[in-house]
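Read through the structure below, which is laid out as structure tokens, and then see the notes.
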Amino acid sequence: DAKTTQPPSMDCAEGRAANLPCNHSTISGNEYVYWYRQIHSQGPQYIIHGLKNNETNEMASLIITEDRKSSTLILPHATLRDTAVYYCIVTMDNYGQNFVFGPGTRLSVLP
Amino acid sequence: SQTIHQWPATLVQPVGSPLSLECTVEGTSNPNLYWYRQAAGRGLQLLFYSVGIGQISSEVPQNLSASRPQDRQFILSSKKLLLSDSGFYLCAWIIHRGGRDGYTFGSGTRLTVV
């Protein structure tokens, strides 16, 4: 069974905020939410992770609902270079066989 | 600085030929190293990981093998390639092992078996 569910694709206008949702209704108390992105023909890039609290770094913000059953990755001012596949991963470990990359969401930032 | 090198970037090999992909890291010692594969339009599949020299764990049975002859070198091999081995192969490591930061991936090798 998939641990996360993401929409297969989304569009966002350049300069606007991109809000990428992820459902993880079966998340357990000690599992983290990780976000990566993969620009075409490159390796995935780590973006952000969180456990319970909302997190922000230079790339994005992560909003986790109070019940932790879903989260949203926010790119505050999307640029064309943010066009990529975004992966939401739920895991206790930040490595190894428990770190599963699903199909992700293909975000297209439009000019 | 910590960097990861992976080569070649692209490779076209005939069915039945051998394969050797190399990954090296710089700027750290005793990293955890990983090989992933991504088939066209699919997510990433963990193939092998290594926590030290000579220590290899295999996640998926297949005709591929991995070796770690040196601390910062991770090699993916095959004696005879199959058409199904085509894909995008990625080497990765965890920068802060034991911490909560994420993987750093290499630039990948796109393998086409013909």
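With all projection directions averaged, the alpha carbon convex hull of the protein assembly as shown covers 12.5 nm². For residue A:3, the aspartates and glutamates whose Cα comes closer than 17 Å to its Cα, not counting residues fewer than 8 places off in the same chain, are A:31, A:67, A:93. Per residue, the average separation of C-alpha pairs within less than 8 Å and at least 6 apart gives chain B a relative contact order of 35 percent.
The charge dipole of the protein assembly as shown, taken about the Cα centre with unit charges on the Cβ atoms of Lys, Arg (+1) and Asp, Glu (-1), comes to about 380 debye, rounded to the nearest 20.
Each of A:71, A:7, A:100 was scored by the projection of its Cα onto the charge dipole of chain A, and the greatest displacement toward the positive side belongs to A:7; charges sit on the C-beta of Lys, Arg, Asp and Glu.
Each residue of the range B:37-50 was assigned a 3J(HN,Hα) from its phi angle through the Karplus expression (A = 6.51, B = -1.76, C = 1.60, θ = phi - 60°), giving 10, 10, 6, 3, x, 10, x, 8, 10, 6, 9, 9, 9, 9 Hz with x at Gly and Pro. Using θ = phi - 60° in the Karplus curve 6.51 cos²θ - 1.76 cosθ + 1.60, the 3J(HN,Hα) couplings for the range A:102-109 round to x, x, x, 10, 8, 9, 10, 8 Hz; x is entered for Gly and Pro. For residue A:16, the residues 5 or more places off, or on other chains, whose built amide H falls under 5 Å of its own are A:78. For residue A:10, the residues whose amide H sits under 5 Å from its own are A:106, A:107, A:108, ignoring neighbours fewer than 5 places away on the same chain, with H placed 1.01 Å from N.
Computed over the alpha-carbon pairs of chain B, the distance histogram in 10 Å steps reads 15, 49, 29, 6, 0 percent, short to long. Summing Lys and Arg as +1 and Asp and Glu as -1 over all other residues whose Cβ lies under 11 Å from the Cβ of residue A:98 gives a net charge of -2. Normalised by the number of residues in chain A, the mean separation of alpha-carbon contacts (under 8 Å, six or more apart) gives a relative contact order of 36 percent. Sparse packing (at most 15 other Cβ atoms within 10 Å of the Cβ) combined with a DSSP loop state is found for the following trypsin sites (Lys or Arg not before Pro) in the range A:1-105: A:16, A:52, A:69.
Read-outs: derived from the displayed coordinates by stated rules, not from any lab. The structure displayed is predicted, hence computed values, not measured ones. Cβ coordinates were reconstructed from backbone atoms using ideal geometry, including for glycine residues, and neighbour counts include every protein chain displayed.
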